[in-house]
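Structure first, then comments.
The values are calculated or read from the model by the stated rules, or taken from the named source; none is laboratory data. Just so it is clear, the model here is predicted, and its values are computed rather than measured. Don't worry about glycine lacking a Cβ; one is built from the backbone with ideal geometry, like all the others, and counts go over all protein chains shown. The accessibility values were calculated without ligands, DNA or RNA, using every heavy atom of the protein model including side chains. Shrake-Rupley method; radii C 1.70, N 1.55, O 1.52, S 1.80 Å.
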Amino acid sequence: MLTKKLAEEIVHQTMLRLRRNINVISPTGVILASGDKMRVENIHEGALYVAKSKERLIINKENIDAYPNTKPGINMPIMYQDEVLGVIGITGDSEEILEIANLVQLTTEIMTHQAIVESKSEWQRKNNDYIFEALVHGSKIDAALQERIQKLPFSLEAPFQIVLLSLDTPSSAENSLPLFFEDLFYKQPVLSGHSQLHEYYILLTNYDEQKKQQMMKALRKKKHKLPSLQIGVGPTVPNLSQ
């Protein structure tokens with residue numbers, strides 16, 4: 001979803017480099033952000049056409065009467081997985097800005113994609129933490145918790161094992177642990193995250209012995225870089241309730 005905050009950031013960053021007026025418009029034609037503040041929240045008829053057709057629209061003196069409340073320029077769709085998230089418009093003579101139009105569209109889509117990915121990652125981290133806390137506190141695996149578990153990118157299958165990590169002497173290096181986990185467990189059936197203050201968890205699910213040894217080797221290497229890092233390994237158990 002294209003938020004007003006993201007739209008304002010796109011306008012700010014793009015205009016900083018191009019020094020041309022930029023408009024970011026919702027799929028319903030509402031101008032979310034613009035270098036021309038007076039146009040914000042107005043309806044942009046050209047953007048409505050772009051959102052419906054998924055095609056670029058050049059507005060000039062020949063066709064401007066067909067698109068009320070617009071100015072000459074180029075308007076392009078902001079796409080994500082074949083869906084129009086919004087429209088990016090550059091105000092000006094189309095012949096002068098034609099060369100930069102594709103670059104503006106690409107830059108906007110990259111910024112939008114990155115924001116979506118970061119938002120999904122943040123939600124997934126929070127979901128992981130919720131599930132872990134519920135399990136270790138003995139919460140009943142009810143329909144609500146089961147729904148959360150089903151939204152994981154993998155199924156929780158036995159056997160299970162918990163590894164806890166804590167830092168006796170917290171430092172700025174602690175911030176590297178979540179990224180370290182992401183790299184270590186990329187596309188693997190492992191639940192990991194932040195448990196308590198300076199404490200992190202790893203929940204292994206149906207993890208084979210060879211991978212487990214590789215993980216422990218990586219954790220020992222990390223401990224050499226963070227001497228105060230403490231690692232605790234729990235027993236292997238056959239079901240989630242344990």
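Can you pull out every residue in segment 214-242 that is part of a strand (DSSP E or B) and exposed (fewer than 14 other Cβ atoms within 10 Å of the Cβ)?
Across segment 214-242, the qualifying residues are GLN230, GLY232, VAL237.
Report those strands (runs of 3 or more DSSP E) wholly inside segment 7-103 carrying at least 1 residues which are more than 21 Å from ALA115 (Cα to Cα) and among the β-branched types (Val, Ile, Thr).
In segment 7-103, the matching strands (runs of 3 or more DSSP E) lie at 57-59, 73-80, 83-91.
When you go through ILE64, ILE100 one by one, which is the residue that is over 22 Å from LYS4 (Cα atoms) and either touching a residue at least 12 places away in the same chain (Cβ under 8 Å) or open to solvent by less than 20 Å² (accessible area, probe 1.4 Å) (or both)?
After applying the criteria, what remains is ILE100.
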Could we say that SER121 is polar (S, T, N, Q) and part of a helix (DSSP H, G or I) here?
yes
LEU18 in contact with a Phe, Trp or Tyr (Cβ under 6 Å, 6 or more places away or on another chain) and under 15 Å from ALA101 (Cα atoms)
no
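Conditions (1) among the small types (Gly, Ala, Ser); (2) closer than 20 Å to ASP93 by Cα; (3) in contact with a strand residue (DSSP E or B) (Cβ under 7 Å, 6 or more places away or on another chain); (4) open to solvent by 90 Å² or more (accessible area, probe 1.4 Å), marked per residue:
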{"position": "ALA7", "(1), (2), (3), (4)": "yes, no, yes, no"}
{"position": "GLN13", "(1), (2), (3), (4)": "no, no, no, no"}
{"position": "LEU16", "(1), (2), (3), (4)": "no, yes, no, yes"}
{"position": "ASN21", "(1), (2), (3), (4)": "no, yes, yes, no"}
{"position": "SER26", "(1), (2), (3), (4)": "yes, no, yes, no"}
{"position": "LEU32", "(1), (2), (3), (4)": "no, no, yes, no"}
{"position": "ASP36", "(1), (2), (3), (4)": "no, yes, no, no"}
{"position": "GLY46", "(1), (2), (3), (4)": "yes, yes, yes, no"}
Only one of these conditions is not met by VAL190: (1) open to solvent by less than 80 Å² (accessible area, probe 1.4 Å); (2) under 23 Å from VAL136 (Cβ atoms); (3) in contact (Cβ under 8 Å) with a residue 24 or more places away in the chain. Which number is it?
(3)
Give all pairs with beta carbons closer than 9 Å in which a residue from segment 134-163 that is over 17 Å from PRO235 (Cα atoms) and among the polar types (S, T, N, Q) meets a residue that is assigned to a loop (DSSP other than H, G, I, E, B) and open to solvent by 50 Å² or more (accessible area, probe 1.4 Å); count only pairs at least 6 apart in sequence or on separate chains.
SER155/ASN206
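Out of all the residues in segment 36-61, which are acidic (Asp, Glu) and under 19 Å from LYS4 (Cβ atoms)?
Listed by number, the residues that qualify are ASP36, GLU41.
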Segment 202-222 residues that are farther than 19 Å from LEU177 by Cα, paired with ones that are open to solvent by 80 Å² or more (accessible area, probe 1.4 Å) and among the acidic types (Asp, Glu) (beta carbon under 8 Å, 6 or more apart):
THR205/GLU157; ASN206/GLU157
